[in-house]
Amino acid sequence: MRELLIGNHALARGAWEAGVRVAAAYPGTPSTEIIEALAGYPEVYAEWAPNEKVALEVAIGAAIGGARSLAAMKHVGVNVAADPLMTLAYTGVNAGLVLVSADDPGLFSSQNEQDNRFYARMAQIPCLEPADSQEVKDMAMLAFSLSEEFDTPVILRLTTRIAHSYSLVELGERREVPLKDYVKQPAKYVMLPAFGKVRHRVVEERRLKLAAYAETTPLNRVEWADRRVGVISSGVAYQYVKEALPGVSVLKLGLTYPLPEKLIRDFVNAVDTCYVVEELEPFLEDQIRALGLAVTGKELVPRVDELSSVIVARTVGSRVAAFAPELVSPALAPAARAPEAAATAAAELPGRPPLMCPGCPHRGVFYVLKKLQLVVAGDIGCYTLGATPPLQAMDTCICMGASLGVAMGMEKARGPEFARRVVGVIGDSTFLHSGMTGLLDMVYNGSNGTLIILDNGTTAMTGHQDHPGTGYTAAHRHAPKADLEQIARALGVQRVQVVDSYDLEAVERAIREETAAAGPSVIIARRPCALLHKEKEAVYLVDKENCLGCRYCLELGCPALSFNGEQAVIDPIQCNGCGLCIQVCPAEAIRKAGEGNE
Amino acid sequence: MNNGVVNVLLVGVGGQGTILAGRVLSRAAASLGGEVKVSDIHGMAQRGGSVVTQVRFGPRVYSPVMAPGTADFLVAFEKLEARRWLYYLKDGGQLIVNNQELPPLPVLTGAAVYPDNLVAEMEKLVKNMLVIDALDLARRAGNVKAVNMVLMGALARRLPISREAWEEALAASVPDRFLEVNKKAFNLGWEQNG
Ligand SMILES: Cc1ncc(C[n+]2csc(CCOP(=O)(O)OP(=O)(O)O)c2C)c(N)n1
Ligand code: SF4
Ligand code: SF4
């Protein structure tokens, strides 16, 4: 049976068919759907871990314990999990372990576009790059056997266009893979220096065996066509090459680390000119050049942003067209010639940036932060949108959990007086992911800073996943609920306040108090995400008689509020009834529908 | 066309149901027996931002995304988005646009103005344009959220996919309790002539 699946669902399906038993992840676009899907299979234990490091460690334990296991994360998640990864490369596995890295070229929903194939090279472990959903499923299954055959973790690297694109997939059945025996082997699993030294040799031997495997595996294949032009490519870039340059010979690499030296050498030598087309960094190109082979790649193909068939047509395509126009797709020629002009007309239109929902509990906090003109060390989540107009109340956003360290560093650089003007702002999921150690630092090293935890009771940014503070697991079962107040107190914070995020006065009072107070403080601003409660509150409306047209309410940046040229208007379909606007209106012109004389 | 590949671009505003529309279309297109590829954007952009779903189907489809200037159909759930993505439409392609204005935040806060003659402007640029009051038709069908199915109905009539395939795709994509409303909306869209 063939079904249309996004890459992430194909991956979950492949892992399930291959007998995976344990899967762990922390959400992150574009990887989130993998665990959501695996949690739906009764044979699989799937969890949301508090962060990626824990997720990978759970998978490591499961694999050493004899079960096929998987950890999934977005590209920057692998940074968090890099510590266990580098040594896992030494210990190897027992049952198969697959690490899914979902990269985000084009930064659709990320803070950078790092190329995680380099992790495979740094750890000396195999990297697989599928080019559509069917390949995702096939490679997921193969990855488990590779992992066991070579006693290595395997990185399965997706990119947004693979993870989130649908294509047809042939479904199969699950093959139960029995638990492997667990045998105590300290020399393999206890990485004392003496044992690590021995294991590093094993890593090197394994790399050579994998390189030999790379020469013959069907994961790497040559598609011969016109031999004047050859292109080496991988992942979704392969699809762009096939679309833009239908006539050329292609070496498609499915295993992009380690590389098949002989296969590449033979291919390059068999064509007149060879190009390397890959997204982001010259990962393949640099290694191929190091073999002493002449190829052209990043000299033409951009290193920045995602690729497309048009970019391939415009870069490599126009070179090829100069001597062999019949190898280039005519359909893309107009777009390749004049893409910019048309796009520029569109660029002059008013933009439509993403924004916080009507009734978002984060909005009021940022409104107050802006009013108080504080320096805000921010973090990652829906609330990062507090950095955008009209609120613009965030000064930094580096990575998950960075708000605390950055606020602390600013204080230490500029002194305790400055600390009275700095606050850290972090979401509940992010606090549990990597905020707790930063808070401990503030306590331990005598900070006077203030941390605001925006507790909306969910991981909203990535689509409302549960976390240790929500009281539910990935499989929607009840779980103990982490108590943020108690955690802050247990870490040594004596000043902990809880306020209602919708109560602007209370939020402002708390922030004034805590920034003035000595010692570290925590303010928990609490209200569920507006998309979580299904019952709609009574909406608000503007009284025409009273509205002054002052536009104060528009400073909230609520999409339900607009200005008709003279007065403010509330769109009753969009309004969520949060009541923020009523608190900022100086003329009492806003009221709840149904209260008063309609 | 592009080697027998049909390119459909669905554009709108986060929350308008472009993703579901893309699913129905792709399921219906799968009935043709060839390949189908669909790409949409999740995460940050979905929070009320400009969203786009790309659907491509034909005997052999490589890239999950299409090139500007190659869309056979541009289905716009909102007027400003229609204009924004118009450069994706190929010469002679069909534009289906919902005659609805959703002012983006810069307009709401007064930092920008919503262009006032978008339809007239696009009429000059596009030969085949169908303007539909999809919100109105959705309301008539019984749910304002069915705008997406009104637009799929209008598109369906212009694609070589059987009515049965569409109905199956609808039933497979929409929860049972919303099926009737969505079917009605789809039919109202189908009846729109341009
Ligand atoms: C290391 C890492 N993992 C995952 C992500 C993706 N991500 C960004 S913010 C976020 C969590 C947001 O949850 P929360 O802090 O509760 O804020 P909310 O979106 O609910 O406002 C996630 C999972 C990331 N950017 N970096
Ligand atoms: S999803 Fe929830 S947290 Fe995110 S912007 Fe909307 S209301 Fe705010
Ligand atoms: S219009 Fe006012 S009450 Fe309604 S969602 Fe916006 S700020 Fe809240």
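Considering only residues that are open to solvent by 10 Å² or more (accessible area, probe 1.4 Å), over 18 Å from A:Tyr189 (Cα atoms) and among the aliphatic types (A, V, I, L, M), which ones fall in the range A:67-89?
A:Val76, A:Val80
Sort out which residues of the range A:570-584 are open to solvent by 30 Å² or more (accessible area, probe 1.4 Å) and within 13 Å of chain B (Cβ to nearest Cβ), and write them in order of number.
First, the residues of the range A:570-584 that are open to solvent by 30 Å² or more (accessible area, probe 1.4 Å): A:571-574, A:576, A:582-583.
Correct list: A:Asp571, A:Pro572, A:Ile573, A:Gln574, A:Asn576.
Scan the range A:180-215 for residues that are open to solvent by 100 Å² or more (accessible area, probe 1.4 Å) and either within 22 Å of A:Leu11 (Cβ to Cβ) or in contact (Cβ under 8 Å) with a residue 24 or more places away in the chain (or both) and jot them down.
A:Asp181, A:Tyr182, A:Lys209
If A:His476 satisfies every condition in (1) open to solvent by 40 Å² or more (accessible area, probe 1.4 Å); (2) assigned to a loop (DSSP other than H, G, I, E, B); (3) within 16 Å of ligand 3 (Cβ to nearest atom) but one, which is the exception?
With respect to (1) open to solvent by 40 Å² or more (accessible area, probe 1.4 Å); (2) assigned to a loop (DSSP other than H, G, I, E, B); (3) within 16 Å of ligand 3 (Cβ to nearest atom), A:His476 is out only on (3).
Take the residues in the range A:215-256 that are under 31 Å from the mean Cα position of the chain (by Cα) and either of a type in the set (Asp, Glu) or at positive phi (or both); name whichever of them is farthest from the other protein chains (Cβ to nearest Cβ).
Of everything passing the filter in the range A:215-256, A:Gly235 is farthest from the other protein chains (Cβ to nearest Cβ).
Being within 16 Å of ligand 3 (Cβ to nearest atom), touching a residue at least 24 places away in the same chain (Cβ under 8 Å) and either crowded, with 23+ Cβ neighbours inside 10 Å or of a type in the set (D, E, K, R) (or both) is the requirement here; does A:Asp428 meet it?
On the way: within 16 Å of ligand 3 (Cβ to nearest atom): no; touching a residue at least 24 places away in the same chain (Cβ under 8 Å): yes; either crowded, with 23+ Cβ neighbours inside 10 Å or of a type in the set (D, E, K, R) (or both): yes.
In short, no.
Tell me, please, whether a residue that is out of contact with any Pro (no Cβ under 9 Å at 6 or more places or on another chain) and hydroxyl-bearing (Ser, Thr, Tyr) can be found in the range B:33-52.
no
Which of the numbered conditions does A:Leu391 fail, given that it passes all the others? Conditions: (1) within 14 Å of chain B (Cβ to nearest Cβ); (2) within 16 Å of ligand 1 (Cβ to nearest atom); (3) open to solvent by 40 Å² or more (accessible area, probe 1.4 Å).
(3)
Looking only at helices (runs of 4 or more DSSP H) that fall completely inside the range A:80-166, which ones have 1 or more residues that are away from ligand 1 (no atom under 15 Å from the Cβ) and under 21 Å from A:Ile64 (Cβ atoms)? If you could, list the steps in order and put the result at the bottom.
Values: elements: A:82-91, A:117-123, A:133-150, A:160-163.
By residue number, A:82-91, A:117-123, A:133-150.
Test of understanding: among A:Val584, A:Val496, A:Val569, which residue is aliphatic (A, V, I, L, M), away from ligand 3 (no atom under 15 Å from the Cβ) and either more than 30 Å from A:Tyr444 (Cα to Cα) or in the same structural domain as A:Lys412 (by TED's automatic domain parsing) (or both)?
Of the residues listed, the single one that is aliphatic (A, V, I, L, M), away from ligand 3 (no atom under 15 Å from the Cβ) and either more than 30 Å from A:Tyr444 (Cα to Cα) or in the same structural domain as A:Lys412 (by TED's automatic domain parsing) (or both) is A:Val496.
Confirm whether A:Ala482 is within 30 Å of A:Glu43 (Cβ to Cβ), within 16 Å of ligand 1 (Cβ to nearest atom), surrounded by 14 or more Cβ atoms within 10 Å (Cβ to Cβ) and of a type outside the set (D, E, K, R). Talk me through it step by step, then tell me what you get.
Working: within 30 Å of A:Glu43 (Cβ to Cβ): yes; within 16 Å of ligand 1 (Cβ to nearest atom): yes; surrounded by 14 or more Cβ atoms within 10 Å (Cβ to Cβ): yes; of a type outside the set (D, E, K, R): yes.
Here the answer is yes, as A:Ala482 does meet what is asked.
For the subset of the range A:559-569 comprising residues that are farther than 24 Å from B:Asn143 by Cα and in contact (Cβ under 8 Å) with a residue 24 or more places away in the chain, which member is farthest from the other protein chains (Cβ to nearest Cβ)?
The selected residue is A:Gln567.
Can A:Arg117 be described as among the basic types (Lys, Arg), open to solvent by 10 Å² or more (accessible area, probe 1.4 Å), more than 16 Å from ligand 3 (Cβ to nearest atom) and touching a residue at least 24 places away in the same chain (Cβ under 8 Å)?
no
Could you pull out the residue among A:Leu454, A:Leu404 that is touching a His at 6+ places or on another chain (Cβ under 7 Å), open to solvent by less than 10 Å² (accessible area, probe 1.4 Å), away from ligand 3 (no atom under 16 Å from the Cβ) and at pLDDT 95 or above?
A:Leu454
What pairs come up if the first residue lies in the range B:79-91 and is at the interface with another protein chain (Cβ under 8 Å from one of its Cβ atoms) and of a type in the set (Ser, Thr, Tyr), the second is open to solvent by 30 Å² or more (accessible area, probe 1.4 Å) and not in a helix (DSSP H, G or I), and their beta carbons are under 7 Å apart, counting only those six or more places apart or on different chains?
Within 7 Å, the pairs are B:Tyr87/B:Gly69.
Taking the condition of being aromatic (Phe, Trp, Tyr) and open to solvent by 10 Å² or more (accessible area, probe 1.4 Å), how many residues in the range A:142-177 meet it?
Count: 2.
Confirm whether A:Glu514 is within 14 Å of chain B (Cβ to nearest Cβ) and more than 16 Å from ligand 1 (Cβ to nearest atom).
No, not satisfied.
Can you name the residue in the range B:97-110 that is within 7 Å of chain A (Cβ to nearest Cβ) and outside any helix (DSSP H, G or I) and, of all such residues, is least open to solvent (accessible area, probe 1.4 Å)? First the steps, then the outcome.
Start the filter on the range B:97-110 by keeping residues that are within 7 Å of chain A (Cβ to nearest Cβ), which leaves B:103-110.
Remaining after also requiring outside any helix (DSSP H, G or I): B:103-104, B:109-110.
Numbers: B:Pro103: 58, B:Pro104: 4, B:Thr109: 38, B:Gly110: 46 Å².
The extreme case among them is B:Pro104.
State all residues of the range A:308-328 that are away from every other protein chain (no Cβ under 14 Å), out of contact with any strand residue (DSSP E or B) (no Cβ under 6 Å at 6 or more places or on another chain) and assigned to a helix (DSSP H, G or I); if no residue qualifies, say none.
Within the range A:308-328, A:Ser318, A:Arg319, A:Ala321, A:Pro325, A:Glu326 meet the criteria.
For the range A:172-182, check the following and say yes or no: at least one residue is modelled with pLDDT of 95 or more, among the aromatic types (Phe, Trp, Tyr) and touching a strand residue (DSSP E or B) at 6+ places or on another chain (Cβ under 6 Å).
no
Regarding A:Leu531, is this residue surrounded by fewer than 20 Cβ atoms within 10 Å (Cβ to Cβ), within 15 Å of ligand 2 (Cβ to nearest atom) and within 14 Å of chain B (Cβ to nearest Cβ)?
yes
Which fully enclosed strands (runs of 3 or more DSSP E) of the range A:1-66 have 2 or more residues being closer than 18 Å to A:Thr462 by Cα and open to solvent by 10 Å² or more (accessible area, probe 1.4 Å)?
By residue number, A:45-48.
Which count do you get for residues in the range A:434-473 that are within 16 Å of ligand 2 (Cβ to nearest atom) and in contact (Cβ under 8 Å) with a residue 40 or more places away in the chain?
So the count comes out to 17.
Looking at A:Gly449, is it more than 30 Å from A:Arg551 (Cα to Cα), surrounded by fewer than 24 Cβ atoms within 10 Å (Cβ to Cβ) and either within 13 Å of ligand 1 (Cβ to nearest atom) or away from chain B (no Cβ under 14 Å) (or both)?
Here the answer is no, as A:Gly449 does not meet what is asked.
If B:Val38 satisfies every condition in (1) open to solvent by less than 40 Å² (accessible area, probe 1.4 Å); (2) more than 11 Å from chain A (Cβ to nearest Cβ) but one, which is the exception?
The failed condition is (2).
The values are calculated or read from the model by the stated rules, or taken from the named source; none is laboratory data. Just so it is clear, the structure is predicted and the values come from calculations on it, not from any experiment. As a convention, Cβ positions derive from the backbone with ideal geometry for all residues, glycine included, and neighbour counts pool all protein chains shown. Accessible surface is based on the protein model in full, side chains and every heavy atom, while ligands, DNA and RNA are left aside. Shrake-Rupley method; radii C 1.70, N 1.55, O 1.52, S 1.80 Å.
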